[in-house]
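Q: Following this message is one structure expressed as structure tokens.
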Amino acid sequence: MPFPDELGPLVVVDYRPQWPVEFEALAGTLRDALGGLAVGIDHVGSTAVPGLSAKDCIDVQVRMRSVDETQATLLMSAIGYRCRPEPWNRVEVSSGRRCHKLVFAPPVGARRCNVHLRPSTGANARFALLFRDYLRADDTTRRAWGAFKQRLATSVPDLQDYGQIKAPATEVLMAAAERWAAETGWSQ
């Protein structure tokens, strides 16, 4: 369940050109707070794909050598970020492997975002970059994915239900992304 200040209707909007600028501001704040612990800070998810419809929530991936929950929570809390209470926080499955992660919500009243801390060598860090890059490269898939998400949000307004329905479709999309990566020589 999201934090009370994050509750509201599920809406998928047309791409907004200010999303990359807003990401850069978030990345600067995170870079200052995490210093050398951050190997890389990436704009990921649908808001990172020009032309793709998305929920107005910036997804940020912070790649780290390792994710120490105590240290990360202390540093993120110092700048007002809150460790997500949802059951999906801390572990996710990518490419059939369980991967460690830690996700933070923004300070109350700040720009909506999810900050995903992931080990830089994890399959989940690769997954996020491949998802983004594949959708950036393939116009037909990008348009179809955006239309699917808009229709789904209209018919399934609950965020948890939306995510559960979208998950198997994401697996199909990522199978195509893996073929694209092999054909093009893509690497993170």
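The values are calculated or read from the model by the stated rules, or taken from the named source; none is laboratory data. This one's a predicted model, so the numbers in the text were calculated from it and none came from an experiment. For neighbour counting, all protein chains shown are included, and Cβ atoms are generated from backbone atoms with ideal geometry for every residue, glycine included. Quick note on the areas: whole protein, heavy atoms, side chains included, nothing else; ligands and nucleic acids left out. Shrake-Rupley method; radii C 1.70, N 1.55, O 1.52, S 1.80 Å.
Q: Restrict the check to the range 155-177 and report whether at least one residue is under 22 Å from Val62 (Cα atoms) and basic (Lys, Arg).
A: Looking for residues that are under 22 Å from Val62 (Cα atoms) and basic (Lys, Arg), one finds none in the range 155-177, hence no.
Q: With the condition being among the small types (Gly, Ala, Ser) and without any contact (Cβ under 8 Å) to a residue 40 or more places away in the chain, I'd like the helices (runs of 4 or more DSSP H) fully within the range 94-188 carrying at least 2 qualifying residues.
A: Answer list for the range 94-188: 139-155, 159-184.
Q: Here is a follow-up. What pairs come out if I take residues in the range 53-73 that are closer than 10 Å to Leu117 by Cα and pair them with residues that are assigned to a loop (DSSP other than H, G, I, E, B) and open to solvent by less than 40 Å² (accessible area, probe 1.4 Å) whose C-beta lies under 6 Å away, six or more apart or interchain?
A: Arg63/Ser120
Q: Moving on. Would you confirm whether any residue within the range 30-40 is touching a Pro at 6+ places or on another chain (Cβ under 8 Å), surrounded by fewer than 22 Cβ atoms within 10 Å (Cβ to Cβ) and modelled with pLDDT of 95 or more?
A: Scanning the range 30-40, I find no residue that is touching a Pro at 6+ places or on another chain (Cβ under 8 Å), surrounded by fewer than 22 Cβ atoms within 10 Å (Cβ to Cβ) and modelled with pLDDT of 95 or more, so the answer is no.
Q: In the range 10-24, what count of residues is obtained for those that are open to solvent by 60 Å² or more (accessible area, probe 1.4 Å) and farther than 14 Å from Val62 by Cα?
A: Initial filter on the range 10-24 (open to solvent by 60 Å² or more (accessible area, probe 1.4 Å)): 11, 14, 16-18, 21, 24.
Right, trim to farther than 14 Å from Val62 by Cα and you get 11, 14, 16-18, 21.
Count: 6.
Q: Go through the range 40-56 and give me each residue that's part of a loop (DSSP other than H, G, I, E, B) and either more than 20 Å from Ala144 (Cα to Cα) or over 9 Å from the mean Cα position of the chain (by Cα) (or both).
A: Val49, Pro50, Gly51, Leu52, Ser53, Lys55, Asp56
Q: Check Ala123, Ala105, Ala181, Ala175 and return the single one that is open to solvent by less than 70 Å² (accessible area, probe 1.4 Å) and over 27 Å from Arg65 (Cβ atoms).
A: Working: Ala123 fails: over 27 Å from Arg65 (Cβ atoms); Ala105 fails: over 27 Å from Arg65 (Cβ atoms); Ala181 fails: over 27 Å from Arg65 (Cβ atoms).
Unique residue meeting the criteria: Ala175.
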